[in-house]
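In what follows, a structure is listed as structure tokens, so that the remarks can point back to it.
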Amino acid sequence: MSLTAVAGANLIASSLYDLGVRVIFGIVGIPVIEVADACIEKGIRFISFRNEQSASYAATAYGYLTGKPGVCLVVGGPGVLHAIAGIGNSTSNCFPLLLLGGSSESHQVYKGAFQELDQVSMLTPFTKFAGRPPSLSLLPSTIEKAYRLSYYGRPGATYVDLPADYIQGSVDRMETQPVYPASAAPKVMADASRVKKAAQLIRNAKLPLVIIGKGAAYGQAEGAIRELIDEKSIPFLPTPMGKGVVPDSSPLNFAAARSAILRTSDVILLLGGRLNWILHYGEPPKFRESVKIIQVDIASEEIGNNNSGNAEYGLVGDIELVVRQLSAELQDYKFSRVPKALMASREENFAASEKKANNAILPLTYQHCYRIIKDAIRATDTRAIFVSEGANAMDIARSAFDVEEPRQRLDAGTMATMGVGIGYAIAAAAACPDHLPVCIEGDSAFGFSAMELETATRSGLPMAIFVMNNNGVYHGVEPTAYSANSAKPLPSTALGFETRYDLIAEAVGGKGLIARTPEELKQAATTALTNGAVTVVNVIIDPGAKTKLEFGWLASTKKPASKL
Ligand code: ADP
Ligand code: MG
């Protein structure tokens, strides 16, 4: 070995370190143990999970929260297959992710080597870049390229294959290219003439509306957006993860009159959100037939999707810069005529939800539980970062908890993925140590990744997890349905009766509590928010056995769009 020889594992670790990577999520095994250990030696935190699926989800959330790719390290074959979950999550949510996968020795391919899988071919169609360094000396430049491509332009997933013989081999450092600290992604402004036209549309609107998507949160555009909304007095609606870019407490927030304002507004400025199922494809009856949507997106391919009549108003560019361009064009403009009917609809809906929240009946309801948890958050001065998944548990939680800061709420996202929760909470705890992850989990959703509680306790990452336990997917069944004498088999949606999720936390070194009454929940919530531990509160709620399954949020309403 020459004086400047370096082992492959160390070369990988130093490339990542030089790029600025300080946290890696993953699971080791042959041949990546040396890589993880070299990273740890270099000063990179390696958070070691129990299933690659959760590790890959965590890395995507870390990418979203920090604006730089989350890195996930796994073994080849089954490890990469499990981590494909994260590739899908990254692509569908536009979160930056760099996946590093071990692979069999490069000279043993096609021989049925240990965990052999052609990962590069498999991932190529689903990533922005997937490659194996052509030689050991090209490892650093390949890692740098994959890292950069995942967050330049529209964020997404990239993959680098790490053959065992590269990891265990060595190379003269003089033969490798240096890696420099990753810079912020370059930003572009929109076509000035289109910005002028868009500003004119907003000026002439009877009811302009800003919709804030999670792209605006990811793009850290809160400064520019808050200024635009406050100065121009334009009403806004956040998407589920766009909450907090402008504080929920803003008087211009019309989330409580979402349907009414969507079907009334004639000009919509859409910032970092897609016209997919979450926004009803931008189509009637949820939107006006004649609505003009000014969509701002970093990806020109997105403009005109599902509402091609509006393609001509689209603005391609970085949200922060484009919003500043628009603000400059709207200098002397101020909107002042929110229709009275909308104000009234907001009041009415608010009063109706307050009534539900204050209704302290037994068994506990979602709404009342959330009121108790919300009060405990306030009373304990907790800086929460909310993580939420499950069907009803997540849906109802979305409006129950106010979000005042950007990137403070993570949920099942564009693919409505169950199982992201604990991985996301681990990422949030690692990315935002001054916040406490507060997880609102459906019992079914929690079950997907409950073993990651051990990851969280072992890694010293405290979090408060409320499992909303209704004994089922969507809802539970009557207790008698569990009886051995029951004539009918359990339905597919049923889960075990009052499963002790709290004891899972105790088993892995965390704290577990169970709550069936408002008083018990109040006490448990206060403990969970203040004890500095990984705490699971098993909240036994109404199984809702008589509830009919309804998917109103997926369907369009029959109500026609209002006239202005
Ligand atoms: P939501 O679920 O909140 O509606 P989506 O995930 O559907 O949000 O959309 C986010 C959009 O934001 C994507 O189309 C993505 O290309 C875009 N985006 C991400 N970062 C930026 C940025 N810095 N500037 C402009 N657009 C961005
Ligand atoms: Mg449930």
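The values are calculated or read from the model by the stated rules, or taken from the named source; none is laboratory data. Fair warning: this is a prediction, and the values are worked out from it, not measured in the lab. Glycine gets a Cβ as well: all are built from the backbone with ideal geometry, and neighbour counts include every protein chain shown. Each accessible area value is taken on the protein alone, full model and side chains, heavy atoms only, with ligands, DNA and RNA left out. Shrake-Rupley method; radii C 1.70, N 1.55, O 1.52, S 1.80 Å.
The alpha carbon centroids of segment 322-370 and segment 25-66 are separated by 40 Å. Can you pull a Stokes-Einstein diffusion coefficient for the chain at 4 °C (1.567 mPa s), Rh from Kirkwood over Cα pairs, as a whole number of µm²/s? Translational diffusion coefficient: 52 µm²/s. For Lys187, a cut-off of 17 angstrom between C-alpha atoms picks up these lysines, skipping any fewer than 8 places away in its own chain: Lys68. Using all pairs of distinct alpha-carbon atoms, the Kirkwood hydrodynamic radius of segment 198-337 works out to 14.5 angstrom. Overall, the ratio between the Cα radius of gyration of segment 16-56 and 2.2 N^0.38 Å, rounded to two decimals, is 1.11. Per-residue 3J(HN,Hα) values for segment 419-431, derived from phi via the Karplus relation 6.51 cos²θ - 1.76 cosθ + 1.60 with θ = phi - 60°, read x, 7, x, 6, x, 4, 5, 5, 4, 5, 5, 6, 7 Hz in sequence order (x marks Gly and Pro). Ranking Leu19, Gly215, Ala59 by how far each Cα lies toward the positive end of the dipole of the chain (charges on Cβ) leaves Gly215 at the top.
Peptides 207-214, 432-439, 109-116, 359-366 ranked from most to least packed give 207-214, 432-439, 359-366, 109-116, packing being the mean of other C-beta atoms within 10 angstrom over each peptide's residues. Phi-derived couplings, Karplus 6.51 cos²θ - 1.76 cosθ + 1.60 at θ = phi - 60°, listed residue by residue for segment 230-241: 5, 6, 9, 6, 8, x, 9, 9, x, 6, x, 9 Hz, with x used for Gly and Pro.
I need the P(r) histogram for segment 455-549: all alpha carbon pairs, bin width 5 Å from 0 out to the longest distance, whole percents. Calculated P(r), rounded to whole percents: 3, 14, 20, 19, 15, 13, 9, 5, 2, 0. For segment 339-438, taking Cα atoms only, Rg and Dmax work out to 15.1, 45 Å respectively. The H on the amide N of Ile514, modeled in the peptide plane, is under 5 Å from the matching H of Asn538, each at least 5 residues off or on a different chain. Placing +1 on the Cβ of each Lys and Arg and -1 on the Cβ of each Asp and Glu in the chain, which of Ala360, Gly509, Val28 has its Cα farthest towards the positive end of the resulting dipole? The listed residue farthest towards the positive side: Ala360. Close amide-amide hydrogen proximity is noted between Ile30 and no other residue 5 or more places distant or on a separate chain, at a cut-off under 5 Å (H modeled in the peptide plane; Pro and chain starts excluded). For segment 110-205, the convex hull drawn through the C-alpha positions has a volume of 152 cubic angstrom per residue. Taking all Cα pairs closer than 8 Å and separated by 6 or more residues, the relative contact order of the chain comes to 13 percent. Charges were assigned to the Cβ only: +1 to each Lys and Arg, -1 to each Asp and Glu. The resulting dipole of the chain about its Cα centre is roughly 1860 debye.
Straight-line cross-link partners of Lys522 among the lysines, defined as a Cα under 18 Å from its Cα and at least 8 positions apart when in the same chain: Lys356, Lys374, Lys511.
Computing Rg and the Kirkwood Rh from the Cα coordinates of segment 184-269 gives a ratio, Rg/Rh, of 0.97. The residues of segment 239-283 have, on average, 26 Å² of accessible surface per residue, using a 1.4 Å probe with all protein chains present.
The smallest convex shape that holds all Cα atoms of segment 267-321, its convex hull, gives 69 Å³ per residue.
Using the alpha carbons alone, the radius of gyration of segment 65-125 stands to its Kirkwood radius in an Rg to Rh ratio of 1.03. Listed by chain and number, the aspartates and glutamates placed with their C-alpha closer than 13 angstrom to that of Lys42 are Asp18, Glu34; residues fewer than eight positions away on the same chain are left out.
Hey, could you grab the Kirkwood Rh for segment 218-264? Inverse mean 1/r over distinct alpha carbon pairs, Å, one decimal. Please report the intermediate quantities before stating the final value.
Details: mean 1/r = 0.0903 Å⁻¹.
About 11.1 Å for segment 218-264.
Determine how many Å³ per residue the convex hull of the Cα atoms of segment 380-496 encloses. All intermediate terms of the calculation are to be shown ahead of the outcome.
Details: hull volume 14.4 nm³, N = 117.
Per-residue hull volume (Cα only) is 123 Å³.
DSSP beta bridges fully contained in the chain are about 5 percent antiparallel.
Packing order of peptides 227-239, 185-197, 405-417, highest average first: 405-417, 227-239, 185-197 (average count of other Cβ atoms within 10 Å over each peptide's residues).
Relative to one another, the C-alpha centroids of segment 510-526 and segment 264-320 are positioned 44 Å apart. For Leu207, the residues whose modelled amide H falls within less than 5 Å of its own, excluding neighbours fewer than 5 places apart on the same chain, are Asp266, Val267.
When the solvent-accessible area of the chain is split by element, carbon and sulfur atoms take up 55 percent of it, the probe being 1.4 Å. Using θ = phi - 60° in the Karplus curve 6.51 cos²θ - 1.76 cosθ + 1.60, the 3J(HN,Hα) couplings for segment 166-171 round to 5, 4, 8, x, 9, 8 Hz; x is entered for Gly and Pro. For the listed peptides 54-60, 12-18, a ranking on the average number of other beta carbons within 10 Å per residue, highest first, reads 54-60, 12-18.
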